[in-house]
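Notes to accompany the following structure.
Since every read-out is calculated from the coordinates, none of them should be taken as a lab result. Please read these numbers as outputs of a predicted model, since none were measured by experiment. Glycine gets a Cβ as well: all are built from the backbone with ideal geometry, and neighbour counts include every protein chain shown.
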Amino acid sequence: LARIIRVFAVAGTLFLFFNCFGRRAKAEGPPDIHTVAANRLSVEQWNENNRKDFMDLGILMKGEIPGYLFTNLKIHDILIENMEIMEENLDNVERLQQDMNSIMESLQESDGDSLQSLMDGETSYEQEIGSILSDIRDAQAEYEKGKKGLRQGLKMDRRRIIFIRDQTHSWKKEFHHLRYERAGLQQAVERFNGSLNEAIFTDNHSKKEILELSSKLEKYRNELGQIELFIAESERIAWEETGTWVCIRPMLTFQEGELRRGVPLACEQKYEQGLRDY
């Protein structure tokens, strides 16, 4: 029995060793200081935004979770579990961010002048920062899983949770390809406008129709610009409407004796209309 225990202990130790070694070896380090600076700024912004989101989420859930204790224990437990997952990984990202800042301070104070310099005779700054960035990405992914868990839990009660930044980011992403298509048509539109301008001076019989068409094209151009401006400012607009970074809306409502789609936010309605018009 003692021999079996020793075998398992050795096997476990070897597993942990190779697992940690493999993880560190696979972690791709940043190629230069500028990339590190960009990564640090990205992590800092992520942490700042999600701290604000989680603060508003905590206020929201403080009023939601207790009610499910008596109406639906399964949803209650799902919400608590995923709130804990999010909080834990938010703290992990902040801790890892501090570790990376400490390492960069150490690099600046050391005799070495590059990321390839060794920290402790074995590990370079590049390797250590790469490992930390890998851990940060893992923690961020777990945080997103927690958000997904909240969505699934509330969906069981026909409710949807809206993270304003996520929602507006998806709008901007969806609009990106439409703007790209519009940009591709810009030269054709300019040529067409040029032809219209020439026709005004050469075709007196159709001058009125040409001016009307030109006016209509300008109207469409302005409307497209207004839609693009709304998308660009959608995060601010949605926050001003809700007064929070996280909110809950019913997926269904009971109206006039029948179930109907829940009333969306005003900014959601404006987005859907803008998408159709665009």
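Return the FRET efficiency for the residue pair residue 72, residue 166: r is the Cβ-Cβ distance, R0 is 25 Å, and the value is rounded to the nearest 0.05.
0.50
Given the Cα-Cα distance of residue 276 and residue 263 and 0.36 nm per residue of separation, how much length would full extension add, in nm?
Net length gain for the segment: 2.8 nm.
Between residue 223 and residue 248, what FRET efficiency comes out of the Förster formula 1/(1 + (r/R0)^6) with R0 = 25 Å and r the beta carbon distance, rounded to 0.05?
Efficiency, from the Cβ-Cβ distance: 0.15.
Would you grab the residues whose amide H sits under 5 Å from the one on residue 162? Only those 5+ places off in sequence or on another chain, please, with H modelled 1.01 Å from N.
247, 248, 249
Please give the peptides 35-47, 80-92 ranked by average Cβ packing (other Cβ atoms within 10 Å per residue), highest first, as a rough proxy for protection.
80-92, 35-47
Can you give the extra length, in nm with one decimal, that the chain gains between residue 156 and residue 99 once fully stretched, where that is 0.36 nm per residue apart less the Cα-Cα distance?
So the extension gain works out to 16.6 nm.
Could you tell me which of rounded, prolate or oblate describes the stretch 38-195, using a ≥ b ≥ c as the square roots of the eigenvalues of the alpha-carbon gyration tensor, with rounded for a/c under 1.5 and, failing that, prolate when a/b is larger than b/c and oblate otherwise?
Cα axes put the stretch 38-195 in the oblate bin.
Among the listed pairs 172/270; 74/155; 52/270; 62/155; 173/216, give every one whose C-alpha distance is greater than 20 Å.
52/270; 173/216
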